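To keep things clear, I will list the structure first and then write my remarks on it.
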Amino acid sequence: SSSLDMLSNATIEAVVYFPSIYGKTYFQAIIHKRQANTNHRNYGLEYRFDGGSNNRLTLLKQGSSIFTNLSANFPTLQWHHLVGTMRQHGSNTDMVIYRNGSIVHSGQATGVLETNSGPLTIGGSFNTSNALVATMIARVGLIRVYNRALSASDVSNNFSAIRGRFQI
C-alpha cells in the first residue's frame, strides 16, 4: 500500500522474542519495505546474531543505516520492545534506536526516503546476496509503523503500555 511509503518521517516499532542464539548466525529482518523485484530496502529494522562480537540491531533507510552492537550475552528467550525512528531535515535524517523504552543508539544518515511499489515484509532471513530466503527465526508479538517520528516520551509511553502484556 502507498500508505506505507514514508517520505520524510517514520517510526518502526516491534516486540520480538529472540531464540537462543549461541553458536548460530542469523541475519534477519524484523520488518522492511523493499523495492519490487530487487534486494534494495527502502526502510527496515533488522538484527544480526553471530554468537559473538558482531551481534547488532540495525535501523536502515534507502542506502544508509545506523546500528547498535548487542553484547555477546544479549538476553534471549525473552521479549524485547524495539523501536527505530527517522526524522528527516533537508537531505539528512536523524535516526534513533530504542530498546525497552530507552535510547540505545542515535546517528544521522544522508539521503531521503523514497516511495516504491515493493511489499512490506514482516520477518525474514537473508542470504549473502541480501536476498530474502526464509522466514524469521524469532517471534513477533507486535508491529506498528507510523508516518511520523515518535518522540522519546511517545516511545517510553508505548513501552509502558505493552510491557505487562509481554512480561518485559
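Return the total of residues in segment 46-69 being modelled with pLDDT of 80 or more, crowded, with 21+ Cβ neighbours inside 10 Å and not acidic (Asp, Glu).
Going through segment 46-69 one residue at a time, the tally reaches 3.
With 38, 76 as the choices, which residue is assigned to a loop (DSSP other than H, G, I, E, B), modelled with pLDDT under 80, surrounded by fewer than 21 Cβ atoms within 10 Å (Cβ to Cβ) and more than 11 Å from the chain's Cα centre (by Cα)?
38
When you look at residue 43, is it out of contact with any Asp or Glu (no Cβ under 7 Å at 6 or more places or on another chain) and modelled with pLDDT of 70 or more, yes or no?
Yes: the conditions hold for residue 43.
Yes/no per residue for (1) polar (S, T, N, Q); (2) modelled with pLDDT of 90 or more:
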position: 99; (1), (2): no, yes
position: 111; (1), (2): no, no
position: 115; (1), (2): yes, no
position: 129; (1), (2): yes, no
position: 135; (1), (2): yes, no
position: 140; (1), (2): no, yes
position: 143; (1), (2): no, yes
position: 148; (1), (2): no, yes
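Report yes if residue 156 is out of contact with any helix residue (DSSP H, G or I) (no Cβ under 9 Å at 6 or more places or on another chain) and modelled with pLDDT under 80, otherwise no.
No, not satisfied.
The values are calculated or read from the model by the stated rules, or taken from the named source; none is laboratory data. This one's a predicted model, so the numbers in the text were calculated from it and none came from an experiment. FYI the Cβ positions are ideal-geometry reconstructions off the backbone, even for glycines, and counts take in every protein chain you see.
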